[in-house]
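Note sheet for the following structure.
The values are calculated or read from the model by the stated rules, or taken from the named source; none is laboratory data. Since the model is a prediction, treat every value here as computed from it, not as a measurement. Here the Cβ positions follow ideal geometry from the backbone for every residue, glycine too, while neighbour counts run over all protein chains shown. Areas reflect the complete protein model, heavy atoms only, side chains present, ligands, DNA and RNA absent. Shrake-Rupley method; radii C 1.70, N 1.55, O 1.52, S 1.80 Å.
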There are 2 protein chains.
Amino acid sequence: MALIVHKYGGTSMGSTERIRNVAKRVAKWARAGHQMVVVPSAMSGETNRLLGLAKELSPSKPGDAYGRELDMLAATGEQVSSALLAIALQAEGMESVSYAGWQVPIRTDSSYTKARIESIEDVKVRADLDAGRVVIVTGFQGLDDQGNITTLGRGGSDTSAVAVAAAMKAAECLIYTDVDGVYTTDPRVVPEARRLKTVSFEEMLEMASMGSKVLQIRSVEFAGKYKVPLRVLSSFTSWDIDINEEAASGTLITFEEDEHMEQAVVSGIAFNRDEAKISILGVPDTPGIAYQILGVIADANIDVDVIIQNVSKEGKTDFSFTCNRGDYAKAVDLLKTQVLPKLGAKEVLGDTKICKVSIVGIGMRSHVGIASKMFRVLSEEGINIQMISTSEIKTSVVIDEKYMELAVRALHKAFDLDQPLV
Amino acid sequence: MALIVHKYGGTSMGSTERIRNVAKRVAKWARAGHQMVVVPSAMSGETNRLLGLAKELSPSKPGDAYGRELDMLAATGEQVSSALLAIALQAEGMESVSYAGWQVPIRTDSSYTKARIESIEDVKVRADLDAGRVVIVTGFQGLDDQGNITTLGRGGSDTSAVAVAAAMKAAECLIYTDVDGVYTTDPRVVPEARRLKTVSFEEMLEMASMGSKVLQIRSVEFAGKYKVPLRVLSSFTSWDIDINEEAASGTLITFEEDEHMEQAVVSGIAFNRDEAKISILGVPDTPGIAYQILGVIADANIDVDVIIQNVSKEGKTDFSFTCNRGDYAKAVDLLKTQVLPKLGAKEVLGDTKICKVSIVGIGMRSHVGIASKMFRVLSEEGINIQMISTSEIKTSVVIDEKYMELAVRALHKAFDLDQPLV
């Protein structure tokens, strides 16, 4: 008997029929003797519907007062699915109770629409578990110290689930979703992509941050910080499959580098086509330049990903970075109006038709020549590399968008990701 | 400058376009110098949609645990419209903040799905009003002393609004709805029905309890208890009509019997076709009989309306009552299986094709012969009276359903309700 946290995504909660299946699955786990805490997302489409109504009324975002109301609004989506799941569990003969974020409470800061969890009280939840109840903890939301409802941002229910698992010292946190695990790359791009049985926390972090949208990145950070064993698995298996089979399915995110994992130098190929590239040419190479450029961008709440500053020639340098494609026009405008004149820089160039492809692998730490193999493979395919960025366990390149599939397939094959591990 | 409470029904909040109109109307009142508290209902159809989902998952009602989750679920409908209204007000340039029931808090007992308000804290709301904000208080819901969300039952937002008005000592509580006031009877049945400029609290109570669904009856009780001046008016006038004209429109529910009102002996004709009649024949006329019959019915949570016990003949009596038509089958079954054998009564008879028609008027207190005039009018129309029930300010009859319109029209005319008051 262990304390287990299940998290179900919006697609898994998408209809009463599916909610009934979730209830049957959870009931199976509870009847097997586990103490069950379940964190459901809003029914698929619901959050968009609600935020769409808000946008009809007020397209602009005048600050905290507006963010506060957006959170009041959006938090209802998860509350609805929590109550429905509790009702479905009761219909299955399980005692069950649901708690909104403020009832637990899950305490957060006051950054509306992207709040961070600060603490979780477990007294109520534990009392219910001890009384034999399945406890539904509403995902995506919390309570700030002024008593306002906050939400954690898109995919925030993953973070809620991991945080609850950490606070309750759960044996495992199972993230049920519409895919059956983490793959070496997106199977829609490479049909030979293989499901990973395990992936290290650091690798998952790199993959999550680079467009493998299986898990919200903050949930992975949280899992890493508190060493929560995390498993990604499918909610579309039949609810009554053998519980041991189910418990071993999907992909386990681990915190130890076991020998098994050492064998694969590169674990996966991640890619992201939602980025755009911006360069400022002829920037005087003086201290504080990076801040003068990116400070303006950060103040506008634009996230920057890859940042590259070339070596300077004759006291001038070129400065490039990537950002979300949706922020591209705004960023270019800010640079042209606020940064270019002040710095006396030459020109702002941009390109939205780019993509980022990365190889990720914890084995890269102890193997040399992995990055250069990546460059060789791309060169053999005739793909020009526009930007390069590296970290201990990944190498990313920015290339022309039209070569993305080609690059991913070539790298996937070159690093033997289509071969089963020995 | 006064503190004013506005309440908007589900139809008035039915779309973003309508919510925008509500915001414009409220902004007009705020700009006229009033402190504004607004209580919105859920968008029309939303509560039914949510409860429909619950019913798909669990058609039965196994008690408190289920009721608790129904309230978690249904309360979100009002939270959505509160947040949307706050956003719409902000878009109109008004500072605005919304509070869920638990945030105010509005404290209630723990009778899920039909909770009663026990107290309302006004500290937060008053601080916001003093800071110049329009405050949205989410209707229909509250918080019990265990920290659970409760709801107040159908139409509960009326009660929320009146309770908030009472707690804050508001100058007036305006109930905006899809009708423009309280009528002498339903204009769909009698086209000559007249809007009442004022109606006494007691008359309103009788009308609300008898199917004139303008206001939830508990909101009227609340208004009576705390002497909250209450006005029912239309939200479908143009939002920018003159504020003084708007403030004098609709129907004011008053607490003083002024001379004006004395002139009308009967103020209105109410009717209800949602009832069914049940009789138990040959009941031994011994003490405790009424309790033995109705105790079983009450335990099954069935509301009983008219109750009649005939004089006894040879130690036996006939006992009749009416209940909601939806509870009819259940009530008859309970009587046949649990009451009939125990009492040794003869027979249970029932009829679902009945209706109740009532004349209501505070003037009936001081006028004789009103009831007999009612009976005469019905007799002249050839309508047989099946049951009669009277109170100080109303007389109700149960008749065959098919005569309902005829009876209402004849009484409306006989009591001069189609004539303007002098």
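So in region B:272-288, with the set limited to residues that are more than 31 Å from the chain's Cα centre (by Cα) and hydrophobic (A, V, I, L, M, F, W, C), which one is surrounded by the fewest Cβ atoms within 10 Å (Cβ to Cβ)?
B:281
Within the bounds of region A:90-107, is there any residue that is open to solvent by 30 Å² or more (accessible area, probe 1.4 Å), farther than 19 Å from residue A:48 by Cα and out of contact with any helix residue (DSSP H, G or I) (no Cβ under 9 Å at 6 or more places or on another chain)?
Looking for residues that are open to solvent by 30 Å² or more (accessible area, probe 1.4 Å), farther than 19 Å from residue A:48 by Cα and out of contact with any helix residue (DSSP H, G or I) (no Cβ under 9 Å at 6 or more places or on another chain), one finds at least one in region A:90-107, hence yes.
Looking at region A:73-83, can you tell me whether even one residue there is within 14 Å of chain B (Cβ to nearest Cβ) and at positive phi?
No.
Please verify whether residue A:153 is touching a Lys or Arg at 6+ places or on another chain (Cβ under 8 Å), assigned to a loop (DSSP other than H, G, I, E, B) and away from every other protein chain (no Cβ under 13 Å), treating the condition exactly as stated.
Taking the combined requirement at face value, the residue satisfies it.
I'd like the full set of residues that are aliphatic (A, V, I, L, M) and surrounded by fewer than 24 Cβ atoms within 10 Å (Cβ to Cβ), limited to region B:37-53.
B:43, B:50, B:51, B:53
Of B:358, B:366, B:312, which residue is of a type in the set (S, T, N, Q), closer than 20 Å to residue B:405 by Cα and either in contact (Cβ under 8 Å) with a residue 24 or more places away in the chain or touching a helix residue (DSSP H, G or I) at 6+ places or on another chain (Cβ under 6 Å) (or both)?
That would be B:358, the only listed residue that is of a type in the set (S, T, N, Q), closer than 20 Å to residue B:405 by Cα and either in contact (Cβ under 8 Å) with a residue 24 or more places away in the chain or touching a helix residue (DSSP H, G or I) at 6+ places or on another chain (Cβ under 6 Å) (or both).
Do you know which residues across region A:237-253 are part of a loop (DSSP other than H, G, I, E, B) and in contact (Cβ under 8 Å) with a residue 60 or more places away in the chain?
Hits for region A:237-253 are A:239, A:240, A:249, A:250.
Could you figure out which of (1) open to solvent by 20 Å² or more (accessible area, probe 1.4 Å); (2) within 18 Å of residue A:91 (Cα to Cα); (3) among the small types (Gly, Ala, Ser) isn't true of residue A:2?
Result: residue A:2 fails condition (2) only.
Whether any residue in region B:17-24 is over 23 Å from residue B:131 (Cβ atoms), surrounded by fewer than 20 Cβ atoms within 10 Å (Cβ to Cβ), within 9 Å of chain A (Cβ to nearest Cβ) and without any contact (Cβ under 8 Å) to a residue 40 or more places away in the chain is what I want to check.
Within region B:17-24, one or more residues are over 23 Å from residue B:131 (Cβ atoms), surrounded by fewer than 20 Cβ atoms within 10 Å (Cβ to Cβ), within 9 Å of chain A (Cβ to nearest Cβ) and without any contact (Cβ under 8 Å) to a residue 40 or more places away in the chain.
Return yes or no: is residue A:281 modelled with pLDDT of 85 or more, hydrophobic (A, V, I, L, M, F, W, C) and closer than 22 Å to residue A:394 by Cβ?
So residue A:281 does not fit the description; no.
Yes or no, residue by residue, for (1) modelled with pLDDT under 95; (2) outside any helix (DSSP H, G or I):
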position: B:142; (1), (2): no, yes
position: B:146; (1), (2): no, yes
position: B:179; (1), (2): yes, yes
position: B:190; (1), (2): yes, yes
position: B:203; (1), (2): yes, no
position: B:207; (1), (2): yes, no
position: B:211; (1), (2): yes, yes
position: B:232; (1), (2): yes, yes
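Does residue B:80 satisfy being among the β-branched types (Val, Ile, Thr) and touching a Lys or Arg at 6+ places or on another chain (Cβ under 8 Å)?
Against the criterion (among the β-branched types (Val, Ile, Thr) and touching a Lys or Arg at 6+ places or on another chain (Cβ under 8 Å)), residue B:80 does not qualify.
Determine, yes or no, whether residue B:302 is within 26 Å of residue B:196 (Cβ to Cβ), part of a loop (DSSP other than H, G, I, E, B) and without any contact (Cβ under 8 Å) to a residue 60 or more places away in the chain.
No, not satisfied.
Here are some residues: B:293, B:269. Which one is surrounded by 15 or more Cβ atoms within 10 Å (Cβ to Cβ), touching a helix residue (DSSP H, G or I) at 6+ places or on another chain (Cβ under 6 Å) and within 30 Å of residue B:192 (Cβ to Cβ)?
Exactly one of B:293, B:269 is surrounded by 15 or more Cβ atoms within 10 Å (Cβ to Cβ), touching a helix residue (DSSP H, G or I) at 6+ places or on another chain (Cβ under 6 Å) and within 30 Å of residue B:192 (Cβ to Cβ), namely B:269.
So which of B:158, B:180, B:144 ends up being in contact with a strand residue (DSSP E or B) (Cβ under 7 Å, 6 or more places away or on another chain), crowded, with 23+ Cβ neighbours inside 10 Å and assigned by TED's automatic domain parsing to the domain that holds residue B:111?
Checking each option against the conditions leaves just B:158.
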